[in-house]
Amino acid sequence: MKKILLSLTILSVIAACGSNESEKKAETEQPSASPSAPAEASSNELSSNPVYQKGLELTGKFMCPSCHKIDDRLTGPAYREVADKYAGADDATIAKLAKKIIEGGAGVWGEVPMTPHPNVSEEEAKDMVKYILLLKK
């Protein structure tokens, strides 16, 4: 009986670890999936945008999808929520949001604080903010 329980536990852990890869794949594919033709055209234009490509690469590099998804809240807000809230952001707002990525913080999106990311440069953080702002509905 113990061997069966141990085997099931190990299989569960392996399955849980493997599911993260499919979630990351779904995250990167999600912006281009759309049921309507006009939305498909705009998402194709978006995916060829260098700001979009750079931001997508950086958010993956710094593991942002572990706390954020495009349309769904996880630990942190959905990217679209952020994009809608800060639509039309000027350079000062982009700099403020980039600083928030680097230094972390709390209170804007709930009780859970955002972890600081001191290994992200200011330029990288601004590129990620610009990418997120492109995701506005």
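Brief remarks follow.
- Applying the set (1) at positive phi; (2) surrounded by 15 or more Cβ atoms within 10 Å (Cβ to Cβ) to Ala83 leaves exactly one unmet item: (1).
- Residue within the stretch 98-118 that is in contact (Cβ under 8 Å) with a residue 60 or more places away in the chain, closer than 20 Å to Lys54 by Cβ and either in contact with an Asp or Glu (Cβ under 7 Å, 6 or more places away or on another chain) or assigned to a helix (DSSP H, G or I) (or both) present: no
- Pick from the stretch 89-117, criterion small (Gly, Ala, Ser) and under 19 Å from Lys61 (Cβ atoms), ranking: surrounded by the fewest Cβ atoms within 10 Å (Cβ to Cβ): Gly104
- Filtered by the rule that a residue be of a type in the set (Lys, Arg) and either under 14 Å from Cys67 (Cα atoms) or at pLDDT below 95 (or both), the stretch 101-137 gives Lys136, Lys137.
Yes/no per residue for (1) part of a helix (DSSP H, G or I); (2) at pLDDT below 50; (3) loosely packed, with under 15 Cβ neighbours inside 10 Å:
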| site | (1), (2), (3) |
| --- | --- |
| Leu5 | yes, no, yes |
| Ala16 | yes, yes, yes |
| Asn20 | yes, yes, yes |
| Pro35 | no, yes, yes |
| Ala41 | yes, yes, yes |
| Leu46 | yes, no, no |
| Leu58 | yes, no, no |
| Asp71 | no, no, yes |
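- Filtering the stretch 78-95 to residues that are in a loop (DSSP other than H, G, I, E, B) and either at pLDDT below 95 or among the small types (Gly, Ala, Ser) (or both) leaves Ala78, Ala87, Gly88, Ala89.
The values are calculated or read from the model by the stated rules, or taken from the named source; none is laboratory data. Since we're looking at a predicted model, the values are computed, not measured. A quick note on method: Cβ atoms are made from the backbone with ideal geometry, for glycine too, and the neighbour counts reach across all protein chains shown.
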